[in-house]
1. For residues in region 70-84 being open to solvent by 20 Å² or more (accessible area, probe 1.4 Å) and aliphatic (A, V, I, L, M), which is nearest to G23 (Cα to Cα)?
2. If you check T123, T101, which single one turns out to be loosely packed, with under 15 Cβ neighbours inside 10 Å, among the hydroxyl-bearing types (S, T, Y), out of contact with any Cys (no Cβ under 6 Å at 6 or more places or on another chain) and farther than 20 Å from L6 by Cβ?
3. Against the definition (surrounded by fewer than 17 Cβ atoms within 10 Å (Cβ to Cβ), under 21 Å from F131 (Cβ atoms) and not β-branched (V, I, T)), how does Q112 come out, yes or no?
4. Of H26, H31, which residue is open to solvent by 20 Å² or more (accessible area, probe 1.4 Å), out of contact with any Cys (no Cβ under 7 Å at 6 or more places or on another chain) and in a helix (DSSP H, G or I)?
Amino acid sequence: MHAFPLFDASVPVFRRYLHQLQGLLHKGALHVPETGHPALLQARLAPDMLPLAVQTEVAVNFVFRACAPLAGRPVPPHGEHRASFATLQARVAQGLTFLDTLAPADFALAAQRQISDPAGQTTVTLDGATFLQQYALPNFFFHVSMVYALLRQAGVPLGKADLDGWHVYPRTTAPAG
């Protein structure tokens, strides 16, 4: 563990799960031609929820929204990347590239920083540790989980191992998870 626990609690975690998100998107992209389901990027679990493409964008945006202010940097502009699986993959790659620019020393003052971020119709302002642990990471995982759920709902053959990369199950007719 580094002397900068917020670096350890953010950068490696985001890096690992952005790689998992890449795998989910890859499997989703492979599924579209097989099923003729071109509307997959617009799939929603409920009418008032964000579609798969936006869930993906928001998940990746949380990498920037969390790590940039923790490192004392401005949050880069988000932009839209929801046109295709390829553009979503490019956005994930941007997140990974950004994480590669961060070093533990960048997080030396992260716990004391006051970070403000839009949260729906309000703005939260929290110290760095609370911001990461109780706001940014849970939101990141919520949106990654929604991508998983939407792909699963559409029939993409996924299991829990595709989400976390740790679980191993014997192959059956339907993946576990």
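1. A83
2. Numbers: T101 fails: farther than 20 Å from L6 by Cβ.
The match here is T123.
3. On the way: surrounded by fewer than 17 Cβ atoms within 10 Å (Cβ to Cβ): yes; under 21 Å from F131 (Cβ atoms): yes; not β-branched (V, I, T): yes.
In short, yes.
4. H26
Yes or no, residue by residue, for (1) outside any helix (DSSP H, G or I); (2) open to solvent by less than 30 Å² (accessible area, probe 1.4 Å); (3) not polar (S, T, N, Q):
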residue: L40; (1), (2), (3): no, yes, yes
residue: T56; (1), (2), (3): no, yes, no
residue: V63; (1), (2), (3): no, yes, yes
residue: A68; (1), (2), (3): no, yes, yes
residue: A86; (1), (2), (3): no, no, yes
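The values are calculated or read from the model by the stated rules, or taken from the named source; none is laboratory data. The model shown is predicted, which means the values in this text are computed figures rather than measured ones. Note: ideal-geometry Cβ built from the backbone for every residue, glycine included; neighbour counts use all protein chains shown. These accessible areas exclude ligands, DNA and RNA; they are computed on the full protein's heavy atoms, side chains included. Shrake-Rupley method; radii C 1.70, N 1.55, O 1.52, S 1.80 Å.
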